[in-house]
Amino acid sequence: MSLVIRNARPYGEEPVDLLVEDGVITEIGAGLAGPEGAEVLDGAGQVLLPGFVDLHTHLREPGGEESETIATGSAAAALGGYTAVFAMPNTDPVADSEVVVEHVRRRGEEVGLVDVHPVGAVTVGLEGQKMAELGTMANSRAQVRMFSDDGRCVHDPVIMRRALEYASALDVVIAQHAEDHRLTVGAQAHEGVVASRLGLTGWPATAEETIVARDCALAREAGAALHICHVSSARTIDVLRLAKEQGVRVTAEVTPHHLLLTDARLTSYDPVNKVNPPLRTAADTEAMRTALAEGLIDVVATDHAPHAAQYKDTEWAAARPGMLGLQTALSVVVHTMVEPGLLDWRGVARVMSERPAEIGNLPDHGRPIAVGEPANLTLVDPDGVWTVRGENLASKASNTPYEGMRLPATVTATILRGRITARNGEVA
Ligand code: DOR
Ligand code: ZN
């Protein structure tokens, strides 16, 4: 199977032609024709990037198929330019055993639109009481490389310390949803002036900061790789800076929504804006952008969290937290980071593909665009503009906070091991 990509600009640089054969880039040059019958992608005016890797996706299967399935979530991923995603374990049943992680991996392979890597739970049933069998999941056919209780924090320091020791021995990463639950009882919104005015119980930024500080200390002691999910508070950046300076193996992600949206949106009481951690202030989004540009925050991860209308179209307090992210992530990154000059296309490749693939330990993703490398690629129209409509997104749910917004940059094609998985807004 051969594919020729014509006149595409790798990392936004000079246009080239690429020949892809059997899933591998075999030639890069000018005027490449390829063998007879080769599929041709016209890349004129387009930026070619390594396929995106999402370290934080909720695909909801098994058990939450009213909100998303591995098939619909994989379609959203491919259309968003992703070639690999990590599926969070807060499903029903929880992905805390070999059986469930193998099921998720196998279902992802059957769908075949994106590599689905199951994240294993740190504790049995996400209950925070007893450690799950990390070794069994790591050594299973699913080859779990990341563990998290996301949705909840691994709160008990004794369990977190033990999990980090296992992670160090197994060479896997623990991804922490940093939230001191004792500080967020009943929390509904970022603790600040907006929450006070609206009469919503506050989620203080310190609930994030203190867990990150604690876990950096524990990770240093264990020599383990710690990843901080969805950083939302400016003060957390200070903790990360200190830990990184001291050589702690800590990495961090920011979501597109924490780069763009603030708690000013909450005045509508529309639960589409409810998310955990909550939308914070403009000073926080500003700090997220700077930290991402500087590399203190390593990657963008979507925290794609589909919720069926029955869980979202309800009063604020009862609504579930979370928002769609896979199909809008690139556009939000271009809007918040590329347009203001904080990142160039090399930088986009770094935060959406290369660093996530390194953190998630995926040797075939996030690779340089070069001869001999696997053809996991994303073609982007940098001049494209589109209007977000939840009902047109591939996800089963439509809880996008960007409804009606006009956003820059469109994904024109996604290529997984040489096969086109999405093209011009359609799954291939
Ligand atoms: O907003 C969120 N939604 N934050 C989480 O931590 C979990 C996620 C979900 O599963 O819906
Ligand atoms: Zn989370």
Given Cβ point charges of +1 (Lys, Arg) and -1 (Asp, Glu) and nothing else, what value in debye, to the nearest 20, does the dipole of the stretch 293-364 about its Cα centre take? 120
So, in nm, how far is label residue 136 from label residue 290 when the simple model puts each one 7 Å beyond its Cα toward the Cβ? 4.8
Find which of 404, 97, 189 sits farthest along the positive direction of the dipole of the chain, computed with +1 on the beta-carbon of Lys and Arg, -1 on that of Asp and Glu, about the Cα centre. 189
Nothing charged except the Cβ atoms of Lys and Arg (+1) and of Asp and Glu (-1): what's the magnitude of the dipole of the stretch 1-132 about its Cα centre? Round to the nearest 20 debye. 280
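Normalising by the residue count of the chain, find the relative contact order in percent from Cα pairs under 8 Å and 6+ residues apart.
RCO, the chain: 20 percent.
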Two-decimal ratio, the stretch 218-361, of alpha-carbon radius of gyration to 2.2 N^0.38 Å: 1.08
Correct semi-axes for the stretch 6-74, from √(5λ) of the alpha-carbon gyration tensor and rounded to whole Å with the largest first, are 34, 15, 10
Run the helix sum for the chain: -39,500 (n - 2.57) per DSSP H stretch of 4+ residues, divided by residue count, reported at 222 nm to the nearest 500 deg cm²/dmol. -7500 deg cm²/dmol
Apply the a/c threshold of 1.5 to the C-alpha gyration tensor of the stretch 86-195 and tell me whether it is rounded, prolate or oblate. oblate
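What's the magnitude of the charge dipole for the chain around its Cα centre, counting Lys and Arg as +1 and Asp and Glu as -1 at the beta-carbon? Answer in Debye, nearest 20.
Once rounded to the nearest 20, the dipole reads 620 debye.
Mind ordering 295-301, 125-131, 370-376 by average Cβ neighbours within 10 Å, highest first?
295-301, 370-376, 125-131
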Taking the alpha-carbon centroid of each part, what is the distance from the stretch 223-281 to the stretch 132-150 in angstrom? 25
Provide 124, 332 in ascending order of the number of other Cβ atoms located within 10 Å of each residue's Cβ, fewest first. 124, 332
Computed over the stretch 319-372, Cα set: Rg, Dmax in Å: 13.8, 49
For the chain, report the convex hull volume of the alpha-carbon atoms normalised per residue, in Å³, without decimals. 124
Counting only DSSP beta bridges with both residues in the stretch 1-97, tell me the antiparallel percent, nearest 5. 50
If 398, 331 are placed from fewest to most neighbouring beta carbons inside 10 Å, the sequence is 398, 331
Report, by chain and number, residues whose modeled amide H sits under 5 Å from the one on residue 149, excluding near sequence neighbours (fewer than 5 apart, same chain). 122, 154, 177
Based on the alpha-carbon gyration tensor of the stretch 45-118, what equivalent-ellipsoid semi-axes (square roots of 5 times the eigenvalues) come out, in whole Å, largest first? 23, 12, 10
Note, residue 211: beta-carbon cut-off 14 Å, +1 each Lys/Arg, -1 each Asp/Glu, net -3
Summing Lys, Arg as +1 and Asp, Glu as -1, what charge do residues with Cβ under 10 Å from the Cβ of residue 190 carry, residue 190 excluded? -2
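I'd like the FRET efficiency for residue 391 and residue 283, computed as 1/(1 + (r/R0)^6) with the beta carbon distance as r and R0 of 41 Å, rounded to 0.05.
With R0 = 41 Å, the Cβ-Cβ based efficiency is 0.75.
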Net charge of Cβ neighbours under 12 Å - reference residue 150; Lys, Arg +1; Asp, Glu -1: -3
Fewest first, what order do 198, 164 take by the number of other Cβ atoms within 10 Å? 198, 164
Can you give the extra length, in nm with one decimal, that the chain gains between residue 193 and residue 127 once fully stretched, where that is 0.36 nm per residue apart less the Cα-Cα distance? 20.5 nm
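Using square roots of five times the C-alpha gyration tensor eigenvalues, list the equivalent-ellipsoid semi-axes of the stretch 287-428 in whole Å, biggest first.
That gives 27, 19, 16 Å for the three semi-axes.
Bear in mind that the values in this text are calculations on the coordinates, not laboratory data. It should be emphasised that the depicted structure is a prediction, and the values quoted were computed from it without experimental measurement. Note: ideal-geometry Cβ built from the backbone for every residue, glycine included; neighbour counts use all protein chains shown.
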